[in-house]
Every structure is written in structure tokens, then in C-alpha cells.
1. Residues to consider are V271, V294; find the one that is assigned to a helix (DSSP H, G or I) and at pLDDT below 90.
2. Being over 30 Å from S77 (Cβ atoms), free of Cβ contacts under 8 Å to residues at least 60 places away in the same chain, surrounded by fewer than 16 Cβ atoms within 10 Å (Cβ to Cβ) and aliphatic (A, V, I, L, M): is that true of V160 here?
3. Does A67 count as at pLDDT 95 or above and either surrounded by fewer than 19 Cβ atoms within 10 Å (Cβ to Cβ) or over 16 Å from V2 (Cα atoms) (or both)?
4. For the stretch 406-441: of the residues being buried (at least 22 other Cβ atoms within 10 Å of the Cβ) and at pLDDT below 85, which is nearest to Y272 (Cα to Cα)?
5. Given the options G327, G261, G320, G282, name the one that is touching an Asp or Glu at 6+ places or on another chain (Cβ under 9 Å), surrounded by 24 or more Cβ atoms within 10 Å (Cβ to Cβ) and closer than 24 Å to Q28 by Cβ.
6. Considering the stretch 136-153 alone, what residues qualify as being surrounded by fewer than 18 Cβ atoms within 10 Å (Cβ to Cβ) and polar (S, T, N, Q)?
7. Based on what the data block shows, is G374 closer than 23 Å to V35 by Cα, surrounded by 24 or more Cβ atoms within 10 Å (Cβ to Cβ) and modelled with pLDDT under 90?
Amino acid sequence: MVLLDSTIVGAALPDMQRRLDTGLTGLQWIVDAYVLLVAMLLLTGGVFADRFGRKRLFLAGVAVFTAASVLCSFAPSIGWLIAGRVAQGVGAAALGPASLALLAAAYPVPQERVRAIGLWAGFSGIGLAAGPVAGGILVDAFSWPAIFLVNAPIGAFLLVAGLRVLGESRNPGAPSIDVPGTVLSVLGVGAVTYGLIEGGSRGWASPVILASFAAGAALLAAFVAVEGRGRTPMLPLRLFRERLFTVSNTAMVVVGFALMGSAFFFSQFFVYVQGSSILRAGLQTLPTSAAMVVVSPYAGRLAARYGFRIVVTTGMALAGLGLLALGFAHADTGYGNVWWRLAVVGIGFGLTMSPLTGAAIQAVSPREGGLASGISSTTRQIGAVLGVAVLGAIVRSRQSGGASMEAGLDNAFRAAGAVTLACAVFTGLWLARSSPAETAAPQPVPPQGRPTEPSSTAR
């Protein structure tokens, strides 16, 4: 449900723009309001689940997410819709980590836990892939509110079933909640995001935009200072002393930036540039998510055989080339010459994400694996926030200069491709300087190993 909601909205953006009478700025906020809250509260949600109970936080997250979905579906204006998306992000940040922690606690034997988490990831992948198609069908039949209202029966079922089936678990030794770090991170990234999204319409030199960038920089500097001195920081800065951890998370920011930032415009390209219907556009964007779902399960095996560096560098290079190729698709380019570009993007990112998370986990001690996984997910979400904002600013700047929507989208896709290719080179060079032991895939836990209960930030 959470991952479905992250992709289903893309198919509905053209209908939202028409029915809510909003521009590109409003569409950016509809996406980023959700992703921003998920990114900034994901680690905190894991700590909350460990301290106050995984079942309790899971059900609270389901309730908030479901109620927020209903609010979104009945939103009378763009402002109410954005408020609902903020609430959805809060619910998702609680629901996601708690769901995985409940699963891990229910299967203490490592082999059974691996299979259970594999199913968890598989269902998540189905939600990711089904989003564009489901969005196109629902919007075509009922208009955009239906994409949110579909969460209501799912959420109601989860609440009833969760109350009856789930057992409570918690971690008595969980760290305390980093309230200052959480607040500063939300406000800092939010201020920078505001400047990036609103700068195109208000003017990059306007006092409000300059003030937002200055406030964002100050808040993020304060966040780094707090995290460096705190006893239980949500983001331990010492982890970034490990080259592999720093490189993998830097690359994950770029993955989120390029993937989410470009996916934001996929449906708009087919609707506004090529004249497709919303339903057809939803189907036309499917090759990217479908390729990711098919390739992702094999990425870890490839990394185990050939190492992180080769698989990650190859994946990012493919994704970058696919995005660059997409930047040369035009209004008269037939779909037979477009779908493979989307598929190459999906294959590339499918090869990249799992090994990058594995590299981040490999770089830290075993007891911090859950934290490393949570940080990897958070950096990807931060990249997604920035991708929607920055690529949207590129499109808007081209349009304000008199260029067509097609030219703006071409520039955005090419920029995303160039950034991804540059990161492929950077990642390959830096990982090449690491020892083979650092970049080797982690070995599975032996059967006789003592099972440990991972933190709920593992995602």
C-alpha cells in the first residue's frame, strides 16, 4: 500500500493539474510533501517502534495513513491535498519500519526470516509495479480521488486483522528518540525543498527564496552539529568515516534523485507531449517499474558473484544512458522506440539499489546493520525529494524562457542521465580504491549462528 502510493500518484498528475487548476509547482508539492515526511521520519519511526511496541506503531501508522488517504480523496483544493499528503507521509514513516520489525520478530530463525522478508519485498515490488497501471485505470474510470480512496478498504482490513493476529514486541534497549535531530532535519530539508520548488515561480533572487535557502543551510548545519554531539543521534556521523558507507549513500542519493525525479515526468511526457490518454500513459510507463521488479531479485546474487563495484557501476551507467536516450524522444517518436529506453532505466536502477544497500550494511558492524539499511532508505528518499524539485525547476525555467513542454522535459531527462553517469564514474573510481574485502558481498548467516532481532529501521 505504501509503495503503491508512491507510484500511483504519477499517473494521476495530469488529471490533478486539470481538475485542481494547479501548475507544475502544485504537482511537485503533491509528490514531495509525501516523500519529504517519509524521508525525514523513517529512522525516527523505527526507534518509536522499538521503544513503544511494533504492533502499536504499525496499527497507528495504518490508521493515520488510511485517514489521510480519505482526506486526500475528498480534498477540495490543492492546499488540503498537500496537507493530506503530509499526513500520509507521517503514517507511512511509522507503518513501513514497524511492518518489517514485526516480521523479523515473528521469524527468529535466520533462514525463515530471510524467506519471510523476501516475500515482504516481493509484495512491495508488486505495489511498486502496479502503481502506474492501477493509477491509469482508476483515474480513467473515476478521476484522481479514486487513487487515494482505494486505500480505505485496505487500511480497514489491516486494522481489524492486525488487532486480532499480530503479537506485540519491543526492544527494551532501544535508544532514546532524537527529537532535536528529527525537527532540524525536517525543517532544514523542507526549507531547501521550498526554495527549489518555489524559486521558479517567485524568482531565484527573491527575498523569500534566498531566505529559505539560508534558513535551510543554517538548520542543516545545526543538524550536523547536534548529531555530532548527541549521545543517541538518529544519524551517527561516525559511520561516514567508512569510505564504502559514504560512497554507497552518496550514490543512493543520486539514485533517488534521478529515478523519482524523472519518473515524476513520465506520464506528463506521454500525455502532454505525445497526446496519450491518462490510462494509456499509465500503461506506457510500466516498463521501468516492471524491469526493476524483475531485475532486483537477481542484483544481490550478481553482487555476490562479481562484487558491489561492478554491479553498481554497470547499473548506474545503464540507467544514465537510458535517461539520456529518453531525453532525445520527441512528440513523433513511436512507442516502439520509447519503451526500451524506459526498460533500460528500470534495469539499471534495479541492478543498483539492492547492492548499494548491501554495501552500506557491509561497511558497518553487524549490530548496526538495521541502522545502516534505514539510513540507505532515507538517503534515497532525500534524493527523491531533491530530484522532483530540481528537475521540476529545470522544466519550469525552460518553459518560462518560451520553450515548449517537450524541450523542458528533454532537458530534465538529460540532466538526470548526466548526473547518474557522473555518479557511476565516481562510484566506480572510489570503490576501486577499496579493498576486495570491503566491497565483497556479505556472507549469509550460518545455520548455527545465534539469531538476532534487527532494529525496525531495517527496510
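1. Numbers: V271 fails: at pLDDT below 90.
Only one candidate passes the filter, namely V294.
2. Numbers: over 30 Å from S77 (Cβ atoms): yes; free of Cβ contacts under 8 Å to residues at least 60 places away in the same chain: yes; surrounded by fewer than 16 Cβ atoms within 10 Å (Cβ to Cβ): yes; aliphatic (A, V, I, L, M): yes.
Answer is yes for this residue.
3. Details: at pLDDT 95 or above: yes; either surrounded by fewer than 19 Cβ atoms within 10 Å (Cβ to Cβ) or over 16 Å from V2 (Cα atoms) (or both): yes.
Answer is yes for this residue.
4. By that ranking, first place goes to L431.
5. Details: G327 fails: surrounded by 24 or more Cβ atoms within 10 Å (Cβ to Cβ); G261 fails: touching an Asp or Glu at 6+ places or on another chain (Cβ under 9 Å); G320 fails: touching an Asp or Glu at 6+ places or on another chain (Cβ under 9 Å).
Sole residue among the options that is touching an Asp or Glu at 6+ places or on another chain (Cβ under 9 Å), surrounded by 24 or more Cβ atoms within 10 Å (Cβ to Cβ) and closer than 24 Å to Q28 by Cβ: G282.
6. Listed by number, the list holds a single entry, S143.
7. Details: closer than 23 Å to V35 by Cα: yes; surrounded by 24 or more Cβ atoms within 10 Å (Cβ to Cβ): yes; modelled with pLDDT under 90: yes.
Here the answer is yes, as G374 does meet what is asked.
The values are calculated or read from the model by the stated rules, or taken from the named source; none is laboratory data. Quantities reported herein were computed from a predicted structural model and do not represent experimental measurements. Because the Cβ atoms are built from the backbone with ideal geometry, glycine has one as well, and the counts that use them run over all protein chains shown.
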